[in-house]
1. Of (1) within 11 Å of ligand 1 (Cβ to nearest atom); (2) open to solvent by 50 Å² or more (accessible area, probe 1.4 Å); (3) over 21 Å from the mean Cα position of the chain (by Cα), residue 114 satisfies all except one. Which?
2. Looking at residue 75, is it closer than 16 Å to residue 184 by Cα and out of contact with any Phe, Trp or Tyr (no Cβ under 8 Å at 6 or more places or on another chain)?
3. Only one of (1) open to solvent by 30 Å² or more (accessible area, probe 1.4 Å); (2) in contact (Cβ under 8 Å) with a residue 40 or more places away in the chain fails for residue 206. Which number is that?
4. Select from the range 304-323 the residues that are aliphatic (A, V, I, L, M) and open to solvent by 10 Å² or more (accessible area, probe 1.4 Å) and write down the one among them that is nearest to residue 196 (Cα to Cα).
5. Condition check: more than 20 Å from residue 137 (Cβ to Cβ), surrounded by 18 or more Cβ atoms within 10 Å (Cβ to Cβ) and out of contact with any Cys (no Cβ under 6 Å at 6 or more places or on another chain). Does residue 62 satisfy that?
6. Would you check which residues across the range 160-195 are more than 13 Å from ligand 1 (Cβ to nearest atom), open to solvent by 20 Å² or more (accessible area, probe 1.4 Å) and over 21 Å from residue 93 (Cα atoms) and list them?
7. Could you please find all residues in the range 248-286 being farther than 15 Å from residue 298 by Cβ, open to solvent by 40 Å² or more (accessible area, probe 1.4 Å) and in contact (Cβ under 8 Å) with a residue 24 or more places away in the chain?
8. Restricting attention to strands (runs of 3 or more DSSP E) lying wholly within the range 231-306, give those where 2 or more residues are over 16 Å from residue 321 (Cβ atoms).
Amino acid sequence: MNDVNRIRAADDDAIAQAAQLIRDGRLVAFPTETVYGLGADATNDRACAAIFSAKGRPQFNPLIVHVTDTGAAAEHVTFSAAAKLLAERFWPGPLTLVLPRRADCRLSLLVSAGLDTAAVRSPAHPVARALLVAARTPIAAPSANRSGSVSPTPAEHVSTSLGNAVDLILDGGACSIGIESTVLDLSGAQPTMLRPGAVTHTELEKALGQSVARSDIAATGQTGLASPGLIARHYAPNRPLRLLAIAPQPGEAFLAFGPGTDSGPGILNLSPRGDLAEAAANLFRMLRALDQAPYRRIAVMPIPKTGLGEAINDRLKRAATPA
Ligand code: TXA
Ligand code: MG
C-alpha cells in the first residue's frame with residue numbers, strides 16, 4: 001500500500017476494517033477531538049510494542065488507553081470517588097485519568113511502562129467511539145507522530161510523520177480541539193496535573209472542590225519516574241523557536257496571536273480575535289506550516305497564560321527547548 005491508499009475516509013466500512021486490524025494486533029491511526037492517535041489493542045503486548053517502534057518513542061513512556069466509557073475502564077483500573085466524579089463530568093472528552101491498575105487488569109504492562117497505574121480516557125470524537133465499539137477492546141494510543149515532533153491534527157500529518165509504520169489511517173477531518181488531553185494523576189494522595197491540556201486546571205479544581213497540584217515538568221523529565229512522558233523537549237518543529245517575540249527578525253517566520261497582525265508570507269495568526277480555543281486548534285498545524293525554508297527560526301508572540309493558554313504555553317516551551 002502506498003501512503004495515499006493508507007488513508008481512508010472514516011465511513012462504516014473503513015471503521016470495520018480498522019477494528020479488524022486492531023483485533024489482529026496491527027496499528028491504526030484515528031481521529032479524536034484532541035489530536036490523531038496511533039492505536040493498538042491495549043491488551044496485546046506485541047501490538048503495544050509496535051506503537052513504540054513506529055513512534056521511535058523511548059520505552060519508558062507510558063501510553064493512554066482509550067475506552068468507550070467508565071464501565072469499560074473499570075474492568076482494568078480502580079475508580080476512586082474523585083475519579084468517578086470527574087469521569088461523569090468530563091467524559092467523553094479531553095481528560096485522561098491516571099488510576100491504579102486492578103490486580104486482574106488485562107492491559108499490557110507496556111501501556112504502564114512499568115508503573116502500577118494506567119492512564120485512561122474516553123474520547124468524544126464519533127469516529128474514535130465507533131472504532132472502540134467495533135474493536136471491542138480498549139485501544140492504547142499516543143499521538144500519531146514520531147516521538148518528539150508536533151502532534152497531528154489533520155490525517156495527512158499522520159502519514160507525513162509515520163509513513164509506512166501505520167497500517168491504516170482513518171481520516172475524520174481536522175481535530176476540533178487540536179491540543180492533547182489534560183493528564184490528571186489520581187493515584188496518589190493529592191490530585192496532580194501531569195500535563196496541562198484541553199480541560200483547564202481551574203475546571204478540575206472547581207469540579208473536585210479541592211486543590212490540584214501541578215507536577216514540576218523539569219524535575220519530572222529528569223527523574224523520569226512519576227510521569228515519564230513529560231520529557232522537557234517535546235512537540236518540536238525542526239526549526240528553533242523564539243518565544244515572547246514582538247515582531248519577526250530577518251530570517252524568521254512569525255506566529256502571531258491577537259488583533260493587529262495579519263497572516264501573510266511567513267506569518268500566521270493563531271487567533272486574530274485573541275481566542276485561546278481557536279489558538280489551540282491552530283497551534284500544531286501552524287507550527288508545521290511555518291517550519292519551512294527559507295525561514296531559519298520561528299518567532300512566537302506571547303500567549304496569555306490563563307485557561308487553555310496554560311496548555312499552549314506548555315507546548316511552546318517544550319518545542320523551544322534545544323535538542
Ligand atoms: O489527547 C490525547 O491525550 C492524545 C489522544 C490520541 O488521545 N494522546 C496523547 O498520548 O497525547 P501521548 O502518549 O502522546 O501522551 C500521553 C501522556 C504522556 O505525557 C504520558 O507520560 C502520560 O500521558 N501517561 C500515560 N500513562 C501514564 C501513567 N501511568 N502515569 C503517568 N503518566 C502517564
Ligand atoms: Mg504525544
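The values are calculated or read from the model by the stated rules, or taken from the named source; none is laboratory data. Being a predicted model, the structure only gives us computed values, none of them experimental. We place every Cβ from the backbone using ideal geometry, glycine too, and count neighbours over all the protein chains shown. Heads up: the accessible areas ignore ligands, DNA and RNA and are worked out on the full protein's heavy atoms, side chains in. Shrake-Rupley method; radii C 1.70, N 1.55, O 1.52, S 1.80 Å.
1. The number of the failed condition is (3).
2. Values: closer than 16 Å to residue 184 by Cα: no; out of contact with any Phe, Trp or Tyr (no Cβ under 8 Å at 6 or more places or on another chain): yes.
No: the conditions fail for residue 75.
3. (2)
4. Going through the range 304-323, the residues aliphatic (A, V, I, L, M) turn out to be 308, 311-312, 316, 319-320, 323.
Restricting the remaining residues to those that are open to solvent by 10 Å² or more (accessible area, probe 1.4 Å) gives 308, 320, 323.
On the way: 308: 8, 320: 17, 323: 22 Å.
Of everything passing the filter in the range 304-323, 308 is nearest to residue 196 (Cα to Cα).
5. Details: more than 20 Å from residue 137 (Cβ to Cβ): no; surrounded by 18 or more Cβ atoms within 10 Å (Cβ to Cβ): yes; out of contact with any Cys (no Cβ under 6 Å at 6 or more places or on another chain): yes.
When the stated conditions are applied, residue 62 does not pass them.
6. Of everything in the range 160-195, those that are more than 13 Å from ligand 1 (Cβ to nearest atom), open to solvent by 20 Å² or more (accessible area, probe 1.4 Å) and over 21 Å from residue 93 (Cα atoms) turn out to be 160, 164, 165, 167, 189, 190.
7. 277
8. Numbers: elements: 252-256, 267-269, 297-300.
Qualifying strands (runs of 3 or more DSSP E): 252-256, 267-269.
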